[in-house]
Each structure stands twice: as C-alpha cells, then as structure tokens.
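Peer 1: If you scroll down you'll find the structure; I have some questions about it.
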Amino acid sequence: MLDLNGIAATWILFMMYCFSGWCCESVSCSVRERKLINRGFLNGPYLPIYGFGSLAAVMLLSDVQDLVLLFLLGGLLTCAIEYATSYVMERIYHARWWDYADRPLNLYGRIWLGGFFEFGTGIVCVVRIAQPAFTYLIGCIPGIMLVPSALVLLIIFCCDFIVTNLGLKGFRTKLDDILVDLKDRMGSLRESVPSRADLAQMVGWERVRDWSLTEHISGAVEKIGEQLPTMQRPSMPQIPSIEELGEKFSHALNRQERRVVRAFPHLEPLDYRSYVDSLYEQLRKLNNK
C-alpha cells in the first residue's frame, strides 16, 4: 500500500534541504561578490541540487559511523552530483554556470578540491545535525496536514520550474548569438592589426593586449594609435567595445533571463573563454614574428 505520509514527509524534507542550500549559497555568493545575490536557477528560495545531494547522503550514508569516512564519501558523492549537474546544464544551455578553472586541483572547471572539503563538511553536518533536527520538525506537523502541506510545496515547485524554463526557452540561442557576435568583432580586430614592421615599432603591445581584449576592444585601437606618434596610423575599423556588446545582450534578455544572469555572476557562453584565449595566443604569435 502506498505510504502517502511517508512520501509527503520525504518531499517536505527535500524542500527543507533545498531552502537551506539556497540560504548558504546566497550568503556565500553575496559575501564573495560584495553585493546581495539571490542565488538559484529557479525563482523561489530553493536549490534542488542541495536537496538531491542531501537526500542522497541521508539515504546512502546514514549508517556510516566513522566521521572521516563520512566526510570523504560525502565529498565524493556531492562532487559527483555537482559535476553531473554542470555537464547537463552546459549541454542544455551552451553556458558555464560556474567555473572553477582558476582554482587549484579542479576537474574541467566543474569541481575542485576546495569544494570537496566544503561539501564533505556539509554532508557531515547534514547527516549528524540537520537530519535529526529536520525529522523532528516534520514530526511536529499534524498528520492530517502532512500531505496537503507537501502538495502545496509540490505545486509551487512545479509551477516555478515551468515558468523558469519557459522564460529561458530562448536563452541558449541568445548565448550562442553573443559568441558569434564576439567572434565577428574580434575577427575584425585581428584582421586590422598593423604589419610586422609597424608592430615592431610599437611599445608595450603586450600591455595593450592584456588590458584590452576582454574589456575594451575599441580602447585597444585607441591605445595602439597612441603608440604610433611618428608613423602613419594603420587603417582600422570602428569596433564596438565589449561594454556595448554586453549592453546589446542585456537588452535582448527577458526578466527571467536577466534574473538568472544576476544569480550566476560568472555565467558565460560555453566557448567564450577558450575563444578569447585563442585570440590572445594568435596575437602573441603575430607580435613575436
């Protein structure tokens, strides 16, 4: 016979962990970014990845008595979930939602050693502290209210999921478009680079390159011109800056997409960084010839 109360209690427990994860992530990201961030893919104050991770740890690791082993297994479990989530979201939206590529001992930028320690510690807290406390709180809900309460939470969650995904229906296309636009504009800059003889007379080209490409494309053209007071300035097209490119992208976003971009400050098109890095390398080789 189907245990509706048991299913309801499990769903409420899932939502409690989702809410707790949202609180932790929002506080952590707000502190790092030095501004208030409403962290989360969905509209509501909950992060499903934390709910799944916590429930998986409770179901699989509750019988582990050794704290060190619980820490290690918890870190492995949650890192596997984070890696899988990152991979799936990249394939769906053609975007990196978080990137640890600049962190030590990372795996394809999706997980890193520091995250392993953070999640391992978190799972110890979940299994030994949060789970008993949450179980007690759910037990305080009158039996007659358990299923209705879970049903209300389920309806809210499902509606939020549908609204969010409908709002992001064109997000993947917009991210692809901005990468194409970036390639076209940076390609124009690459084609307008002066001759080898002109480059040899420029002072501090590396400084100009490092300063400009990811922030001010038009600024790079101006800087190059400033370095050529005694020679004829190369003919270069007027190339909009990255700020103008970003403004165009921002105007194309709807409210849901804009909320998601704010919630994930480091979100970027999937091939954005690799393309810019490739352009850096091409200009460096050109400058060394």
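The values are calculated or read from the model by the stated rules, or taken from the named source; none is laboratory data. Values in this document were obtained by computation on a predicted structure and should not be read as measured data. So basically every Cβ, Gly included, is an ideal-geometry build from the backbone, and we count neighbours across all protein chains shown.
Peer 1: Looking at the stretch 21-40, which of the residues that are buried (at least 18 other Cβ atoms within 10 Å of the Cβ) and touching a helix residue (DSSP H, G or I) at 6+ places or on another chain (Cβ under 7 Å) is nearest to Thr85 (Cα to Cα)?
Peer 2: Gly40
Peer 1: Among the numbered criteria (1) within 30 Å of Ala8 (Cβ to Cβ); (2) at pLDDT 95 or above; (3) touching a Leu at 6+ places or on another chain (Cβ under 8 Å), which single criterion is violated by Phe116?
Peer 2: (1)
Conditions (1) in the same structural domain as Glu257 (by TED's automatic domain parsing); (2) of a type in the set (Ser, Thr, Tyr); (3) under 14 Å from the mean Cα position of the chain (by Cα), marked per residue:
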site: Leu42; (1), (2), (3): no, no, yes
site: Leu47; (1), (2), (3): no, no, yes
site: Phe52; (1), (2), (3): no, no, no
site: Met59; (1), (2), (3): no, no, no
site: Leu73; (1), (2), (3): no, no, no
site: Thr78; (1), (2), (3): no, yes, no
site: Ile81; (1), (2), (3): no, no, no
site: Ala84; (1), (2), (3): no, no, yes
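Peer 1: Still on this structure: Go through (1) modelled with pLDDT under 95; (2) exposed (fewer than 13 other Cβ atoms within 10 Å of the Cβ); (3) in a helix (DSSP H, G or I) and name the single condition Asn165 misses.
Peer 2: It fails just one condition, (2).
Peer 1: Return the residues of the stretch 111-138 that are more than 19 Å from Phe19 (Cβ to Cβ) and in a helix (DSSP H, G or I); say none if nothing qualifies.
Peer 2: First, the residues of the stretch 111-138 that are more than 19 Å from Phe19 (Cβ to Cβ): 111-117, 120-121, 124, 128.
Across the stretch 111-138, the qualifying residues are Leu113, Gly114, Gly115, Phe116, Phe117, Gly120, Thr121, Val124, Arg128.
Peer 1: Can you go through Ile178, Ile155 and tell me which one is aliphatic (A, V, I, L, M) and farther than 20 Å from Ile12 by Cα? Spell out how you get there, then give the answer.
Peer 2: Values: Ile155 fails: farther than 20 Å from Ile12 by Cα.
Exactly one residue qualifies, and that residue is Ile178.
Peer 1: Right, something else. Just for the stretch 1-19: of the residues that are within 26 Å of the chain's Cα centre (by Cα) and among the aromatic types (Phe, Trp, Tyr), which one is surrounded by the fewest Cβ atoms within 10 Å (Cβ to Cβ)?
Peer 2: Phe19
Every residue, every condition in (1) under 26 Å from Leu270 (Cα atoms); (2) of a type in the set (Lys, Arg), yes or no:
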{"position": "Ile12", "(1), (2)": "no, no"}
{"position": "Met16", "(1), (2)": "no, no"}
{"position": "Cys24", "(1), (2)": "no, no"}
{"position": "Ser30", "(1), (2)": "yes, no"}
{"position": "Lys35", "(1), (2)": "yes, yes"}
{"position": "Asn43", "(1), (2)": "yes, no"}
{"position": "Tyr50", "(1), (2)": "yes, no"}
{"position": "Leu73", "(1), (2)": "no, no"}
{"position": "Leu77", "(1), (2)": "yes, no"}
